Amino acid sequence: MSTTKSRYTRANYAVNQTTVWEMLSEDQCEELFMTALEVLERTGAEILNEEARKIFEKAGCWVDGNRVRIPSALSEWAVRSAPSRVTVCDRNGKRALKLETTNAYYGPGHGNTYVIDPLTAARKKPVKTDVAKTGVVCDGLKNVDFVMSNGLPTDVPKSTAEVHAFEALVTNTTKPIIQSIQGVEQAQAILDIATAVAGSLREFQKNPFAVFLIETEGTLVHSEATLAKVLFAARNGVPYIYATKLIAGETSPATPAGAIVVALADDLVGILLGQLVRQGAPVIAGGFFTIKNQETGILPYGAPEVSLMGTGMANVMRFLRIPSFGFAGATDAKESDAQMGLEAAFSILHAGMSGTSLIHGCGQLEYGLTGSLELLVMGDEVMGMTRRMMKGVEVNEERLARGVIDEVQPAGHYLGEDHTLKFFRSEFWWPTVMNRTRIAEWEANGAKSLGQRVKEKTQSIIKTHQAEKLSEEVLSKIQTVLDRVDAR
């Protein structure tokens, strides 16, 4: 963060509107980008999709078997071609996520194998009703901006689990949805549901409320299925995230800089392919970084290096003027304890203040194995605190309060001033589950711990909150899609 004092005149007034952590300088971002260009041009990447190889070759890439080497000028063109801002709407078509500059938005994760039942506290495999509960809780939380499935349902066919997850979310929240996709067939079904909700494909393309998450395992290898999903998304005008998953020291160099270079090179492949298919295709890029405990094989989610490398990636993507995708709000803890709060809060603050566009993973325990709606509710509180920090101090004539200070005079107070009544709600952040009462009041209310208050709020949302309903006509169209995919 810069602490340099600005010298300005009133005709050229400098304003720091948002507090953002610029960990890397522009020169460092440029060096990382140039190194990634060199990797793609010199080493290349394994492209296991034949159609993608043909597209790359036609564009001027050097193809030798599955190995594709990409001229730097072509990668640079793709960066210029990709939109510097992507807007994602809510289910009603209202613009909700403005992925540009330093705007940061939060949501849950998706890849966990287990969930903690918020009503029984049992650790179990997720079923479709659990995904629906995730939609309800996200819809009822003020600071959660988008929704993911928090695990795939295991009580439906595995081949259609993502389609059922999307249906469970879209019928229980109006917030934007980020949906992982297993393959093109599932992507088509999800797009059909989205089209039914929007009214037409054109309306969905104009006001998209769903984003496809396309993940690659890194190591400069891009599978047939992964690139087929990119081709599908780009051709259909669906915003997509191309995200690399890397383990520093195993699937990438051990140094954070080296890991970022590999992730960036991998992301550029997904960006370039989309732009070659449809110039201006809406794309978000980023990744998930972690390290590995060589004794246990565990990939920790609460490690500081996870946030460190994620911040570096966000800095580079902002330098390239492409919206970024990152990770925060998860923990290696197994239950709601101090470790959970510490790790989740640290990463939520870190990701937000780094200006990562889309921040997923909030609400995951046990290094991503277990989803917890209670952790998501706790994370919502931290997101609110983080947003207040990022809002910074607004300086204008009314907020400077020159006249009010003069009217109150020394030794006076401001409690009855109109100025105080106008600003104390908007300028101060107030918690919903953290406790600021006197100890006598706290004891009178049952002396509840933070964990107890979070549990009660989670259960209350599930029992009482209800998202806006879809029409019977739309629900019928969605059911037709589900019947079609389940019959295959």
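The values are calculated or read from the model by the stated rules, or taken from the named source; none is laboratory data. Just so it is clear, the structure is predicted and the values come from calculations on it, not from any experiment. Ideal geometry is used to build each Cβ from the backbone, glycine not excepted, and the neighbour counts take in all protein chains shown.
Cβ-Cβ distances below 9 Å connect the following pairs, each with a first residue in the stretch 31-47 that is within 15 Å of Val79 (Cβ to Cβ), a second residue that is modelled with pLDDT under 95 and buried (at least 18 other Cβ atoms within 10 Å of the Cβ), and a separation of six or more residues or different chains: Leu32/Leu24. A search for C-beta distances below 8 Å between a residue of the stretch 447-459 that is among the small types (Gly, Ala, Ser) and any residue that is modelled with pLDDT of 90 or more, counting only pairs 6+ apart in sequence or on different chains, returns Gly451/Glu374.
For the stretch 90-107, the set of residues classified as over 13 Å from the mean Cα position of the chain (by Cα) and farther than 19 Å from Thr311 by Cα consists of Asp90, Arg91, Asn92, Gly93, Lys94, Arg95, Ala96, listed by residue number.
Is it the case that Gly329 is crowded, with 24+ Cβ neighbours inside 10 Å and either outside the structural domain of Val131 (by TED's automatic domain parsing) or in contact with a Phe, Trp or Tyr (Cβ under 6 Å, 6 or more places away or on another chain) (or both)? Answer is no for this residue. Among the residues of the stretch 55-96, none is identified as closer than 30 Å to Ser471 by Cα and not assigned by TED's automatic domain parsing to the domain that holds Arg318. Residues that are touching a Ser or Thr at 6+ places or on another chain (Cβ under 8 Å) number at least 2 in the following strands (runs of 3 or more DSSP E) confined to the stretch 59-162: 95-99, 105-108, 114-116. Per the listing Gln294, Gln275, Gln339, the residue uniquely polar (S, T, N, Q) and modelled with pLDDT of 95 or more is Gln275.
Count of the stretch 40-58 residues, restricted to those that are of a type in the set (Asp, Glu) and in a strand (DSSP E or B), is 1.
Considering every residue within the stretch 154-161, establish whether at least one is buried (at least 23 other Cβ atoms within 10 Å of the Cβ), out of contact with any Phe, Trp or Tyr (no Cβ under 6 Å at 6 or more places or on another chain) and aliphatic (A, V, I, L, M). Within the stretch 154-161 (the criterion being buried (at least 23 other Cβ atoms within 10 Å of the Cβ), out of contact with any Phe, Trp or Tyr (no Cβ under 6 Å at 6 or more places or on another chain) and aliphatic (A, V, I, L, M)), the answer is no, since none of the residues qualifies.
Leu272 meets all of the listed conditions (1) buried (at least 22 other Cβ atoms within 10 Å of the Cβ); (2) touching a strand residue (DSSP E or B) at 6+ places or on another chain (Cβ under 9 Å); (3) farther than 22 Å from Leu299 by Cα but one, namely (2).
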